[in-house]
1. Putting +1 on Lys and Arg Cβ atoms and -1 on Asp and Glu Cβ atoms, find which of Val92, Ser153, Leu172 reaches farthest to the positive end of the dipole of the chain.
2. List the pairs from Lys89/Lys167; Lys98/Lys167; Lys113/Lys179 whose alpha-carbon separation is above 31 Å, in the order I gave them.
3. So what is the relative contact order for the chain, in percent, with contacts set as C-alpha pairs under 8 Å and at least six apart?
4. Taking 7 Å along the Cα-to-C-beta vector as the label spot, tell me the Lys89-Glu175 distance in nanometres, rounded to one decimal.
5. Please report the Cα spread of the chain along all three principal axes, rounded to whole Å, starting with the longest.
6. Find how much the distance from Asp76 to Met55 grows on full extension, using 0.36 nm per residue of separation minus their present alpha carbon separation; answer in nm with one decimal.
7. Please determine, in degrees from 0 to 90 and to the nearest 10, the orientation of helix 117-126 with respect to the longest principal axis defined by the Cα atoms of the chain, where the helix direction is its Cα long axis.
8. Would you work out which of Ile33, Ala105, Asn14 lies farthest towards the positive end of the dipole of region 12-116, given +1 charges on the beta-carbon of Lys and Arg and -1 on that of Asp and Glu, about the Cα centre?
Amino acid sequence: MKNIAIFASGSGSNAERIYDYFQGDSEVNISMILCNNPEAGVIARAERLNIPLVMFDRAALKSGEVVRILQENDTDWVILAGFLWLIPKNMVEAFPNKIVNIHPALLPKFGGKGMYGHFVHEAVVANKETESGITIHFVNEHYDEGNIIFQASYPVLPTDSPEDVAKKGQVLEHEYFPKVIEELIK
Ligand code: GAR
């Protein structure tokens, strides 16, 4: 049995999608959701789905307290599903090549500090891109720079709003993120 801990800061639609995908899978357990944002929609999802929820702050992340919680719970993989803080060195070193992030653009384009969620889609439209996509990658100590595992793209039309772009990206994220995780861990 592989234990997956999911980190999320926002709505948590990817977290729920991943949970649903592995329901009934005897090899994969979504063991907990970790969240840094008391306003996040993922909190209600974790409660509804009965997934253990751990709230933490910046101090706990930086001090290694979060790593301790992950290790005490026999975590095998860490999945960042809309998690917006930088992962500290202590966590990268504790889980080498076992932390995976999803980013809503075709990295290395539109990545880095401050490039998340709607900021990415607004930049894609402002830049008149003709395509965008999703990137799933390993996590290192720098925002959005770890080795790329998977990318998928979609066309951006001249008439698309940032919201249109976001919707196209979310469809791909929900389709591919659980499958890529499955391939990685099995
Ligand atoms: C996703 O689109 C994910 O790619 C993005 O946050 C969204 C979370 O949606 N992540 C980043 O921007 C990371 N830099 P969700 O909460 O509905 O899963």
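1. Farthest towards the positive pole: Val92.
2. Those over the limit are Lys89/Lys167.
3. Relative contact order of the chain: 20 percent.
4. Rounded to a tenth, the inter-label distance reads 4.1 nm.
5. 50, 35, 31
6. Fully extending the segment from Asp76 to Met55 adds 5.6 nm.
7. So the inclination is approximately 20 degrees.
8. Of the candidates, Ala105 comes out farthest on the positive side.
A short reminder: the numbers here are calculations on the coordinates, not readings from a lab. This one's a predicted model, so the numbers in the text were calculated from it and none came from an experiment. Glycine also receives a Cβ, built like all others from the backbone with ideal geometry; neighbour counts cover every protein chain displayed.
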